[in-house]
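The values are calculated or read from the model by the stated rules, or taken from the named source; none is laboratory data. None of the values given here were measured: they were computed from a predicted structure. Cβ: placed from backbone, ideal geometry, glycine included. Neighbour counts: every protein chain shown.
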């Protein structure tokens, strides 16, 4: 059995900003009030008719999105417990709610703002491509509900899937949203593909660690390694001396009856 | 041979209770750290520990529950000890935090002698020591300070997903960092503690006293001269 790589291929030109995907996701996953697992971003200019008398039509462009289930996810590198990981079976980025301690490292580590701390569950949450629906043979709620079929979902490792076919048909014209910085890319290899072109671009941000995690990985963890290493070396040195000196030490079993003897005292620890 | 009472039954209990909790918490805790930049010994360790409980993140979740339960029991054990033997706890804290002149020199020379030999540690008598020697005091100080840091940061981590709002997220990150630091430093000291007590021949009577409660008088005179002196002035046999 070859492993799956679940992905979303999106024709953002088809999106009419109806917010159906956002509502369906909330409903299907019981997402808490005030937070959203997916979004529709809007490019300027907004969708409206051109100014009176003008021959030019105003046109907007909408861009549906959610967790991009990246191949090199920066969120996983930030998780201290391995509660978030890449599924070996289907390639999705999973959060195990039982192992997540809500430290929040992954939230800022995501260039797409796809993660949030759920106000009710108090742990990290994000799109999971509706595993319950998939188990029942259904597409994710956002895909199922989309009236213009802007979102296409499937296993892109399976050439027969709709998503793979759409990708193949648009080879060379597929774009991804990637965080860009001055002279730098933070390409986490997202598995969300946009056809032909999409807008807006440039909204993804540099993945960052909280100061507490930077301090932990750069200062505390090496310091602890040094402390334990030095202590271990010290113990080895003492053990070596003990073995070399043999059982001749004054403190062998029953060998300490010479309490007042000053010479013995001097040589006790030598 | 006269023997001097050194530990109450409650002292002996809390020592071994603490040791058992440390072993369980350290192992389950090592199984909870799984991050490329953090793994103290590589990913195989959390993977192996998680495999004991079904493997993967689900195995990790079992370890997390185990870690939380033992952690709470650990704190309850210390509270019970305080309730039973507050006097002993007070004596312990007073002793470990009173550093006498000469203690530092004792520590440096003793470490030199035991690791390298007289070349580094010098010859001659070391300054006399009290109920605890300076090495024991240093480790006890680290254990008390580290233990408090571990319990406080652990409480934040325990309550994180149960009680704390999103605004407290930075606090949780810092609790992880403090937890790791405190455990790491106390563990570094623990290596020496275990060697000195259980492996080195020097402290064998001290090790036995952690089961029987008492030490031979001549051993006490050698190793804890100031304690025996003070005992002579007060009521002998009590601490």
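A few remarks follow.
- Within segment B:104-139, considering residues that are crowded, with 19+ Cβ neighbours inside 10 Å and more than 14 Å from chain A (Cβ to nearest Cβ), the one nearest to residue B:191 (Cα to Cα): B:136
- Residue B:192 meets the conditions (1) at pLDDT 95 or above; (2) touching a strand residue (DSSP E or B) at 6+ places or on another chain (Cβ under 9 Å); (3) within 11 Å of chain A (Cβ to nearest Cβ) in every case but one. The failed one is (2).
- Answer residue from segment A:83-132, given it is farther than 19 Å from residue B:58 by Cα, surrounded by fewer than 22 Cβ atoms within 10 Å (Cβ to Cβ) and in contact with a helix residue (DSSP H, G or I) (Cβ under 7 Å, 6 or more places away or on another chain) and is farthest from the other protein chains (Cβ to nearest Cβ) among those: A:116
- Of the residues making up segment B:164-183, not a single one is within 11 Å of another protein chain (Cβ to nearest Cβ), out of contact with any helix residue (DSSP H, G or I) (no Cβ under 7 Å at 6 or more places or on another chain), surrounded by fewer than 21 Cβ atoms within 10 Å (Cβ to Cβ) and at pLDDT 95 or above.
- Checking residue A:78 against (1) closer than 17 Å to residue A:29 by Cβ; (2) within 10 Å of chain B (Cβ to nearest Cβ); (3) touching a residue at least 40 places away in the same chain (Cβ under 8 Å), the condition it does not meet: (1)
- With respect to being in the same structural domain as residue A:64 (by TED's automatic domain parsing), under 29 Å from residue A:78 (Cβ atoms) and surrounded by fewer than 15 Cβ atoms within 10 Å (Cβ to Cβ), residue A:157 falls outside the description.
- The set of residues in segment A:199-224 that are away from chain B (no Cβ under 14 Å) and within 15 Å of residue A:179 (Cβ to Cβ) comprises A:200, A:201, A:202, A:203, A:204, A:205, A:206.
- With respect to the conditions (1) touching a strand residue (DSSP E or B) at 6+ places or on another chain (Cβ under 8 Å); (2) at pLDDT below 95, residue A:183 lacks only one, and its number is (1).
- Condition check for residue B:152: over 13 Å from the mean Cα position of the chain (by Cα), surrounded by fewer than 18 Cβ atoms within 10 Å (Cβ to Cβ), farther than 18 Å from residue B:74 by Cβ and more than 7 Å from every other protein chain (Cβ to nearest Cβ): no
- Tally, over segment B:207-219, of residues that are without any contact (Cβ under 8 Å) to a residue 40 or more places away in the chain and closer than 21 Å to residue A:238 by Cβ: 3
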